[in-house]
Amino acid sequence: MAKMNGAAVADTTNKRFANFREVADFLWQNAERMRGAYKPNEYDKVILPLLVARRLDCVLGPTKDKVLARLDALKDKGMKASDPAVDVALRKITGVPFYNTSKLNFAKLKGDPNHIAQNLRGYLKAFSANARDILEQFKFDEQITRLDDANLLYQVVGLFSEVDLHPDVVPNHVMGSVFEELIRRFNEKKNEEAGDHYTPREIIRLMVDLLFVEDDQALRRAGIVRTLFDPACGTGGMLSVAEEYLRELNTDARLEVFGQELNPESYAICKSDMIIKGQNPENIVRGNSFDQDGHAGRRFDYMLSNPPFGVDWKNVQKTVEAERDTQGFAGRFGAGTPRINDGALLFLQHMIAKMKPVDSKTGEGGSRIGIVFNGSPLFTGDAGSGESEIRRWVLENDWLEAIVALPDQLFYNTGIATYIWVLTNKKPKHRRGKVQLINAVDLFQKMKKSLGNKRNELSPEHIATIATTFGEFRESAISRVFNNEDFGYRRITVERPLRLSFQATPDRLALLRDAKAFAALATSKKKGAAGDNEIAEGVELQEAILAALGRLDPKTVYKKRELFEEDLAGALKRAGVIIPAPVRKAILSALGERDVSAEVCTDSKGRPEPDGDMRDTENVPLKEDIAVYFEREVRPHVPDAWVAGIEIQNGKAVVVDESKVKVGYEIPISRHFYQYKPLRPLSVIEGEIRALEKEIQGLLSEVLA
């Protein structure tokens with residue numbers, strides 16, 4: 001075994017690896033042997049299951065002979081391999097919760113090239129049930145046939161038999177990186193834009209720091225046991241890093257990890273990692289966390305996740321909305337549901353529902369959450385929308401502790417801006433009612449070699465700076481502290497009075513002919529003679545109305561609606577025409593025109609009617625009185641405006657119609673750290689332009705010479 005930069009490396013017969021990237025490169029290059037029989041976007045069907053199988057094979061290698069000897073001894077006593085006592089005995093020998101009862105291993109599979117398919121199937125079936133469940137997720141049996149038919153199976157199995165993947169040679173965190181790097185490459189070949197952004201290890205380390213920093217002393221207690229859950233665990237990277245970090249803090253501590261994953265391959269990889277490390281593999285569940293809560297009723301001390309960005313949840317919409325409507329806050333989605341094309345905030349609610357309650361007497365209990373989001377959950381959705389209501393629920397319950405804005409280009413398959421949210425239901429006293437925003441967008445270093453879209457990385461120093469800033473909880477160049485209410489606002493509707501003038505000109509009468517209600521007079525749903533008569537009557541009514549309106553003076557401009565309505569009623573009465581209400585409305589709409597010089601239109605109670613086309617909205621900070629804001633920001637510009645649903649009483653705004661005034665929450669983190677940069681002087685810009693002109697002229701002279 002060799003080491004470089006603190007990372008264990010693997011040896012093969014002819015190859016030594018320096019890091020996880022070289023392991024992935026070696027496997028990828030050898031996967032090219034399958035080209036022809038397989039397309040590059042199909043390599044994962046072979047590489048991933050064999051990689052998992054070989055990893056398990058290496059773990060069991062040192063105890064292989066002892067397991068077989070013990071099995072023979074138990075059979076001599078009349079016990080069957082399926083006997084529970086045999087299962088317990090063999091697990092005790094391997095030291096991990098799985099075993100293999102075949103006399104074969106990867107090395108011995110190479111000894112019989114003529115029966116490689118048969119022997120490989122027999123070997124894989126000889127794993128204990130929990131390990132078989134992992135391998136069966138890949139549906140590898142059909143690939144065995146395909147490889148064998150192409151005379152590739154023996155060659156490919158031989159390749160994997162040469163690679164030592166024992167955890168002493170390739171530690172779990174390195175192996176996890178190998179898996180995720182290969183998956184990233186497979187996704188690229190499939191032209192898949194990964195909504196599943198596998199999380200770089202340095203980001204996970206930062207998240208774990210943020211999660212554990214306030215519990216540092218408690219986590220150092222002897223024999224402490226804590227639980228950690230990831231509802232979108234992927235290949236288990238977050239679970240592994242958190243477990244390793246806790247062991248660094250306290251070798252006597254134990255972290256029991258739980259996860260759920262929808263993708264079968266990622267689920268299998270995660271479960272294989274857990275089973276090798278001695279974690280309970282039953283704690284990793286396959287399925288969609290939204291409609292198949294694999295850990296229903298459980299509560300956890302810590303939760304970490306990097307859920308897919310912009311994941312569509314339409315396929316589970318009915319189940320999610322049914323839980324929301326029937327269980328309310330007793331279920332997971334009582335705060336609301338986000339738009340159908342982004343389920344990120346559903347993951348957050350799912351995790352909050354699994355927080356442990358805090359004992360009011362002892363202060364024990366409670367949970368801490370770290371979750372990675374893109375920018376959408378910060379501000380998407382107006383007041384009253386599902387997203388805004390979820391943010392409101394989180395902030396008004398005082399669960400949000402901090403948000404860290406990360407540099408871009410940190411993830412393998414996306415370069416977008418990302419944010420870590422830290423939440424807890426046991427805030428320390430000095431943080432209660434507060435939210436800390438940390439601007440870490442400039443804390444990164446360029447990678448020597450990019451990985452997909454990942455061109456930047458966090459150094460240990462950057463991680464330490466962010467974690468220290470979080471722990472100190474004070475204002476600085478990269479830290480701002482706000483009250484929860486600072487992110488709230490009331491969305492008010494500003495109305496302007498409707499002012500219309502009316503005139504019976506030929507152009508406006510032409511508009512009336514096209515009006516839907518007016519045109520409907522000449523149609524009928526009836527058939528036969530009665531219908532024909534009715535249509536004829538409708539056409540006659542249309543002509544009678546137009547004739548009556550034609551008797552109004554086209555030069556007269558009515559600046560007051562009531563005066564026009566009086567003359568209209570008189571003209572229709574003289575013509576002996578009675579019109580339905582929709583047609584009357586159509587006449588007023590066609591012959592009316594907005595006119596700032598006209599008088600205000602009023603309703604039956606003499607109140608001004610609002611002009612829908614002039615309607616506007618304003619977001620009033622939650623901590624500011626609406627009346628004060630209105631007088632300062634709106635009234636000077638539109639003196640005749642008013643706020644819908646609001647009455648001013650003793651100089652204060654009183655909400656009389658809550659449907660008109662909605663409370664919303666958003667967290668515009670970039671705005672709070674914006675720094676104005678003055679424009680360069682014109683003289684500087686002019687100098688740059690002249691320099692460019694000279695450069696261009698020089699280039700042209702070289703070309704023309």
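Here the Karplus relation 6.51 cos²θ - 1.76 cosθ + 1.60, evaluated at θ = phi - 60°, turns the backbone of segment 451-467 into coupling constants of 10, x, 8, 7, 10, 10, 8, 8, 7, x, 5, 5, 4, 4, 4, 5, 4 Hz, with x for every Gly and Pro. Averaging Cα coordinates gives a centre for segment 369-445 and one for segment 104-134; these two points are 48 Å apart. For segment 168-286, a Kirkwood radius taken over Cα pairs fed into Stokes-Einstein (10 °C, viscosity 1.306 mPa s) yields D = 107 µm²/s. What shape does segment 367-468 have by the C-alpha gyration tensor, where a ≥ b ≥ c are the square roots of the eigenvalues, rounded means a/c under 1.5, and otherwise prolate means a/b greater than b/c and oblate the rest? Note, shape of segment 367-468 comes out oblate. Ranked by the mean number of other Cβ atoms within 10 Å of their residues, highest first, the peptides 435-447, 319-331 fall in the order 435-447, 319-331. Of the peptides 464-470, 203-209, the order by per-residue mean of other Cβ atoms within 10 Å, starting with the highest, comes out as 203-209, 464-470. Percentage of Cα-Cα pair distances in segment 568-705 greater than 23 Å, rounded to whole percent? Of all Cα-Cα pairs in segment 568-705, 66 percent lie more than 23 Å apart. Relative to the dominant Cα principal axis of the chain, helix 116-125 is inclined by about 80°. Using the Cα coordinates of segment 3-188, the gyration tensor eigenvalues translate into equivalent-ellipsoid semi-axes of 29, 20, 14 Å, sorted from longest to shortest. With Cα atoms as the point set, the radius of gyration and Dmax of segment 201-474 evaluate to 17.9, 54 Å. As a ratio to 2.2 N^0.38 Å, the alpha-carbon radius of gyration computed for segment 500-594 takes the value 1.12.
Using the alpha-carbon atoms, what tilt in degrees (0 to 90, nearest 10) does helix 528-550 show relative to the longest principal axis of the chain? On a 0 to 90 degree scale, this one is about 60.
Hey, what D do you get for segment 338-387 in µm²/s if you plug the Kirkwood alpha-carbon radius into Stokes-Einstein at 37 °C and 0.692 mPa s?
Rounded to a whole number, D works out at 256 µm²/s.
For segment 36-130, the percent of C-alpha pairs falling in each 5 Å distance bin, counted from 0 to the bin holding the largest distance, reads 2, 12, 21, 21, 17, 12, 6, 3, 3, 1, 0. Let me know the shape class of segment 125-170, please: from the alpha-carbon gyration tensor, a ≥ b ≥ c as square roots of the eigenvalues, rounded when a/c is under 1.5, otherwise prolate if a/b is greater than b/c, or oblate. Note, shape of segment 125-170 comes out oblate.
Residues H350, H166, H430, arranged from fewest to most other Cβ atoms within 10 angstrom of their Cβ, appear as H430, H166, H350. Every helix of 4 or more DSSP H residues in the chain counts as -39500 (n - 2.57), and over all residues that averages to -13000 deg cm²/dmol at 222 nm.
Summed over all non-identical Cα pairs, the Kirkwood treatment of segment 249-305 gives a radius of 12.4 Å. Taking every C-alpha pair closer than 8 Å and separated by at least 6 residues, the mean separation divided by the residue count of segment 85-153 gives a relative contact order of 29 percent. The 3J(HN,Hα) values that the Karplus relation (6.51, -1.76, 1.60; θ = phi - 60°) gives for segment 212-225 are, in residue order, 8, 4, 7, 10, 3, 5, 5, 6, 8, 5, 5, x, 5, 10 Hz. Gly and Pro appear as x. Amide H contacts for S479 (H built 1.01 Å from N in the peptide plane; partners 5 or more residues away or on another chain; cut-off under 5 Å): N439. The Cα-based radius of gyration of the chain, divided by its Kirkwood radius, gives an Rg/Rh of 1.13.
In terms of surrounding Cβ atoms within a 10 Å radius of their Cβ, W28, W642 rank from fewest to most as W28, W642. Legend: distances between Cα atoms for K271/K318; K277/K454; K434/K623; pairs beyond 18 Å are K271/K318; K277/K454.
The residues S604, S501, when put in order of fewest to most other Cβ atoms within 10 Å, stand as S604, S501.
Among 563-570, 266-273, 342-349, 488-495, the peptide with the highest mean count of other Cβ atoms within 10 Å heads the list, and the full ranking is 266-273, 342-349, 488-495, 563-570. In order along segment 259-267, the phi-based Karplus estimate (6.51 cos²θ - 1.76 cosθ + 1.60, θ = phi - 60°) of 3J(HN,Hα) comes to x, 9, 8, 7, 5, x, 5, 5, 4 Hz; Gly and Pro are listed as x.
Laboratory data are not the source of any read-out in this text; all were calculated from the coordinates shown. Note that the structure is predicted; figures quoted are calculated from it, not measured. Positions of Cβ are backbone-derived with ideal geometry, glycine not excepted, and every protein chain shown enters the neighbour counts.
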